[in-house]
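As structure tokens, the structure follows; a few thoughts come after it.
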Amino acid sequence: SSSSMEGEACSQHLRCILKCALDLSCLEMHVYLALIKYPGSDVEFLAEKLGRDSNTIYKALRNLMEKGLVKREYRILRSGGYKYIYKPIEFDEFKKIALEKLERWIREVNKVLELVENGGEGLLKNLD
């Protein structure tokens, strides 16, 4: 049984917000949400839950770690090997990062709007 979160694509609107403002892909957001639900998951578990291959999930996790949204921990296995498990940062922390990114994005949009208002010269130079 797959929950509605898993197979479902983001709506255009949400995708735009995630991509533009938070710099996240839909898959990265799904992985983050899955980790909130199942903190301490490994790549295989997430791949199975989200119906994607491990490599794809690993890349998403790596991006989330680079963005400071996910932490990785090292676990020694009884069998003698080891594996990595992944945990989301606290949601309050996520919210803070998301809002900071949004505010930065809004400032950028404002700059562009000012350029357009002033005849768009600065904008057109960058398009050449």
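With every atom except the alpha carbons ignored, what do you get for Rg and Dmax of the range 37-128, in angstroms?
20.3, 68
So if we plug the beta-carbon distance of E73 and K37 into 1/(1 + (r/R0)^6) with R0 = 22 Å, what FRET efficiency do we get, rounded to 0.05?
E(calc), rounded to 0.05, equals 0.80.
Restrict the search to the range 57-128; then list the trypsin sites (Lys or Arg not before Pro) that DSSP places in a loop and that have at most 10 other Cβ atoms within 10 Å of their Cβ.
R78
So how tilted is helix 91-117 from the main axis of the chain? Cα-based, degrees 0 to 90, rounded to 10.
Relative to the chain, helix 91-117 is tipped by roughly 20 degrees.
Would you work out what percent of the accessible area of the chain, with all protein chains in place, is carbon or sulfur (probe 1.4 Å)?
54
Each label point is 7 Å from the Cα along the Cα-to-Cβ direction; what then is the distance between the points at F45 and I97, in nm?
Distance between the two pseudo-spin positions: 2.0 nm.
So in the chain, which Cys have no other cysteine's beta-carbon sitting under 4.7 angstrom from theirs?
Singleton cysteines: C16, C20.
Calculate, in nm to one decimal, what N110 and L14 gain on full extension: separation in residues at 0.36 nm each, minus their alpha carbon distance.
32.5 nm
Give me the 1.4 Å probe accessible area per residue for the range 31-128, excluding ligands and nucleic acids, in Å².
With the other protein chains kept in place, the range 31-128 gives 71 Å² per residue.
The values are calculated or read from the model by the stated rules, or taken from the named source; none is laboratory data. These numbers come from a predicted model, not from an experiment. Every residue, glycine as well, gets a Cβ built from its backbone with ideal geometry; the counts of neighbours run over all protein chains shown. With ligands, DNA and RNA removed, areas are computed over all heavy atoms of the protein, side chains included. Shrake-Rupley method; radii C 1.70, N 1.55, O 1.52, S 1.80 Å.
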